[in-house]
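Report on one structure; see the data block that follows.
The values are calculated or read from the model by the stated rules, or taken from the named source; none is laboratory data. Remember, predicted model here, so these are calculated numbers, not experimental data. Virtual Cβ from ideal backbone geometry, glycine too; neighbours counted across all protein chains shown. Heavy atoms of the whole protein, side chains included, go into the accessibility calculation; ligands, DNA and RNA do not. Shrake-Rupley method; radii C 1.70, N 1.55, O 1.52, S 1.80 Å.
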Amino acid sequence: MTLEISKKASRIVQAEIRSMSIECELHNGVNLAQGVCDTEVPFPVRRGAQMAIDEGVNSYTRYDGIGELRQAIARKMKSYNGIDANPDTDIVVSSGSTGSFYAACVSLLNPGDEVILFEPYYGYHVNTLLAVDAVPTYVRMYAPDWTFMAEDLENAVTPRTRGIMVNTPGNPSGKVFTKRELQMIAAFAKKHDLFVFTDEIYEYFLYDGREHISPATIDGMYERTITISGLSKTFSITGWRIGYSVCHEKWAKMIGYVNDLIYVCAPAPLQMGVAKGLDQLGADYYENARKEYAAKRELICSTLDKVGLKPCVPQGAYYVLADVTHLSGNTSKDKAMNILKKTGVASVPDEAFFHEPGDRQFVRFCFAKHDDELNEACNRLLKL
Ligand code: PLP
């Protein structure tokens, strides 16, 4: 037989996150590798979806999502992000923020177009770019605060550069981009005429009084910025697949058509559940979530400190990169496997977040876990 997988598919590698989750199961371990937020789904969200099913909201929706949801997103974009988006033209609901980014890439990038990613990066961003034959290029951020300089951006740009990707708060770094940094990126994007893709899925997970700033709110940036987010994390509904992109209508229209082509629509009753959640949950819901996650962050970071795996304390999101330099092993994967074998706690080695073999310095732990599971993981880690 001469049949084989496509050249494009062969460039896409299985996420290290999934392979560590499989190893974790084999070792009967506690899985702090995967970013699954398995805390309780807020009542209005669950109830809204159940009612929608009972009331017959079970068909295909408009290609860019149910009106109620687009309107709810527009209200949230205005009040939380400070972005004025027309719910009829500027918002496309998709199959998670993953689907939103894919639809945006198919719509806006040509084969060979380069997109700059900050590293450590989120692996799906790389694979999505590869899936559309775009070319990821990289700007390194430096621990512990994940800083970068304007020169680093200039060094990464070529005549083929067409976009830059921001992820704030970031996975795996937990970096929350400051206004000054976003202004620097905005000036760079304008100078080189680039799209800014921004993944803001962790926008509500912020610590130490930090503020979420959407790049699209920087002066003159709305027109070239594709703001991508979703409710997977905020409402603990990773399996529902509800995300969205917000951008100027000249891009949103095509992103909507592509979304229709690939996914047809996001699940209709679940769109309704999310709309109800966005409308009915008040500021206290987000504030409580923030406090709950801040306590989890404190627990994991203090445990890592105690066992000598110095944490880069995250500014947002719900992951922590811990320094494993002094552990034995030739690669971070060896080190993550050692931690798993000794303690039964799974983490993700930093091969997943850097494009080149680097210092082999970090593994990532996810702390979006129920308290009893996180306590168990931390007790096990103390064995190190
Ligand atoms: N973006 C980032 C940075 C993530 O870490 C994740 C999940 O881990 C996603 C997107 C996936 O979001 P969604 O469930 O909306 O596709």
**Request:** Mind scanning Lys78/Lys291; Lys296/Lys335; Lys233/Lys291; Lys76/Lys190 and naming the pairs with a C-alpha gap bigger than 18 Å?
**Result:** Lys78/Lys291; Lys296/Lys335; Lys76/Lys190
**Message:** Can you give me the accessible area per residue for the range 1-105, using a 1.4 Å probe, in Å²?
**Reply:** 55 Å²
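Which percent of the accessible heavy-atom area of the chain goes to carbon and sulfur, probe 1.4 angstrom?
51 percent
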**Prompt:** Over all directions, what mean area does the Cα convex hull of the range 34-86 project, stated in square nanometres?
**Reply:** 5.6 nm²
**Fill in**
Rounded to the nearest 10 Å², the 1.4 Å probe accessible area of His326 is 120 Å²
**Fill in**
Reduced to Cα centres, the span from the range 322-384 to the range 256-310 in Å works out to 23 Å
**Message:** Straight-line reach only, C-alpha to C-alpha below 19 angstrom: list the lysines that Lys333 could link to, leaving out same-chain residues fewer than 8 apart.
**Reply:** Lys310, Lys341, Lys342
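Quick check on the chain: helices-only [θ] at 222 nm, where DSSP H runs of length 4 and up contribute -39,500 (n - 2.57) each and the sum goes over total residues. Nearest 500, please.
Computed mean residue ellipticity for the chain: -12500 deg cm²/dmol.
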**Asked** Hey, what's the Cα Rg ratio for the range 236-384 versus the globular rule of thumb, 2.2 N^0.38 Å?
**Response** 1.34
**Prompt:** Per residue and in Å³, how big is the convex hull formed by the alpha-carbon atoms of the range 43-280?
**Reply:** 111 Å³
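Suppose R0 equals 56 Å. What FRET efficiency, 1/(1 + (r/R0)^6) with r the Cβ-Cβ distance, do Asp54 and Glu298 give to the nearest 0.05?
Details: r = 42 Å, r/R0 = 0.74.
Given R0 = 56 Å and the Cβ-Cβ separation, E is 0.85.
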**Fill in**
Relative contact order as a percentage, the chain, C-alpha pairs under 8 Å and 6+ apart, gives 26 percent
**Asked** Which residues in the range 104-128 place their backbone N less than 14 Å from a point set 7 Å from the Cα of Val135 along the Cα-to-Cβ direction?
**Response** 110-117
